[in-house]
Every structure is written in structure tokens, then in C-alpha cells.
1. Going by the structure shown, is Gly93 farther than 20 Å from Trp30 by Cβ, modelled with pLDDT under 95, small (Gly, Ala, Ser) and loosely packed, with under 12 Cβ neighbours inside 10 Å?
2. In a loop (DSSP other than H, G, I, E, B), of a type outside the set (S, T, N, Q) and modelled with pLDDT of 75 or more - does that describe any residue in the range 2-22?
3. Tell me yes or no: at least one residue of the range 78-100 is within 21 Å of Pro46 (Cβ to Cβ) and either of a type in the set (A, V, I, L, M) or not in a strand (DSSP E or B) (or both).
4. Can you name the number of the only condition in (1) modelled with pLDDT under 75; (2) outside any loop (DSSP other than H, G, I, E, B); (3) charged (D, E, K, R) that Lys119 fails?
5. Could you check Met126 against (1) surrounded by 14 or more Cβ atoms within 10 Å (Cβ to Cβ); (2) more than 18 Å from Thr52 (Cα to Cα); (3) not β-branched (Val, Ile, Thr) and say which number it fails?
6. Of everything in the range 38-60, what is assigned to a strand (DSSP E or B) and at pLDDT 80 or above? Give them in sequence order.
7. Which of the residues belonging to the range 46-55 are within 13 Å of Cys140 (Cα to Cα) and out of contact with any Leu (no Cβ under 9 Å at 6 or more places or on another chain)?
Amino acid sequence: MKRNIRIPLTIATLLICATIAMAEIKEGLWEITTSMEMPGMPVKMPAATMRTCISKNDMVPKPSAPKGQEQDCKMKDQNISGNTVSYSMECKGKDGSTTEMSGKMTYTGDTMEGTTTIKIGAPTPMEMSSKMTGKYVGPCTK
């Protein structure tokens, strides 16, 4: 009899653990502040704040670029473990330049934090990193 009880308890425990492990990311409009760091840069760049819609199908904030310098970005890899999203993406500029990004962000209720490493190819190769913090603002407006 004890053996018959163990199987349903084991299955129930596994289901509960699987449910807890799924990403609990609040869908909607998020305000994200990014601080960039670049080795060898004598002056620290000011933090930038943007608003973006986050959904369970699109959990990585889109990179922003100044008008006329937009890039075509494609997700190469994305992993979800609990409330943490790890990713790598490649962006191509209109001028033929390539930028590779990889990062990790953790969502906790109404807040998030993360880091990103950015490698820019030609014409001037450089590497920089960023730290992000964010907060949920409300539903997305379309």
C-alpha cells in the first residue's frame, strides 16, 4: 500500500516543481534603465531609460538605436530557467556592421535586473557591457 502512495506523491511533487520552474514574467509595459560600461572609456556614459513591451513569447528587451541607425536583430539562442532568461542575439546594421549580444535577466514580480555583453565588429571593433534594472509600468498600449 505504501508503494502505491509513493508514485502519485512523486508525480505530484514533480508537477509542482515543474510549475515553479516556469518563467513567471509579468507581461506588459516595462521601464528599463541601462548603464553602459566600456573598458578604456575615461568618462562614464549616462544611463538610458526606455519603455518596451515584454511578453512570455518575447522576454528580451529590443535594443534601441538612434534614428537612421536602426539594426535588424535576430535571436540566436534563448534559455529560460525559472524566472531567468539567458539569450544571445545578432544585429546587422544598414552599413553592414555586425553586433553580437549575450545577456541574462531575472524577473522578480514587478522588477527585473540583468547584464548584457555587446561585441561590435567592423568598422571599429569594441566590446562593452551593460547593467539593466527595470520595473513593470502597466499594460502595453497598442
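The values are calculated or read from the model by the stated rules, or taken from the named source; none is laboratory data. Quick caveat: nothing in here was measured; it's all calculated off a predicted structure. Backbone-built Cβ (ideal geometry, glycine too); neighbour counts: all protein chains shown.
1. Numbers: farther than 20 Å from Trp30 by Cβ: yes; modelled with pLDDT under 95: yes; small (Gly, Ala, Ser): yes; loosely packed, with under 12 Cβ neighbours inside 10 Å: no.
Answer is no for this residue.
2. Filtering the range 2-22 down to residues in a loop (DSSP other than H, G, I, E, B) leaves 22.
Going one step further and asking which of them are of a type outside the set (S, T, N, Q), we end up with 22.
Now drop any that are not modelled with pLDDT of 75 or more, which leaves none.
Within the range 2-22 (the criterion being in a loop (DSSP other than H, G, I, E, B), of a type outside the set (S, T, N, Q) and modelled with pLDDT of 75 or more), the answer is no, since none of the residues qualifies.
3. Quick first cut of the range 78-100, residues within 21 Å of Pro46 (Cβ to Cβ) only: 99.
Now narrow it down to the ones that are either of a type in the set (A, V, I, L, M) or not in a strand (DSSP E or B) (or both): none.
There is no residue in the range 78-100 that is within 21 Å of Pro46 (Cβ to Cβ) and either of a type in the set (A, V, I, L, M) or not in a strand (DSSP E or B) (or both).
4. (1)
5. (1)
6. We begin by selecting, within the range 38-60, every residue assigned to a strand (DSSP E or B); these are 48-55, 58.
Matches in the range 38-60: Ala48, Thr49, Met50, Arg51, Thr52, Cys53, Ile54, Ser55.
7. Of all residues in the range 46-55, those within 13 Å of Cys140 (Cα to Cα) come to 51-55.
Residue satisfying the conditions is Ser55 alone.
Every residue, every condition in (1) part of a strand (DSSP E or B); (2) at pLDDT 90 or above; (3) over 14 Å from Ile25 (Cα atoms), yes or no:
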site	(1), (2), (3)
Lys62	no, no, yes
Met112	yes, yes, no
Thr115	yes, yes, yes
Glu127	yes, no, yes
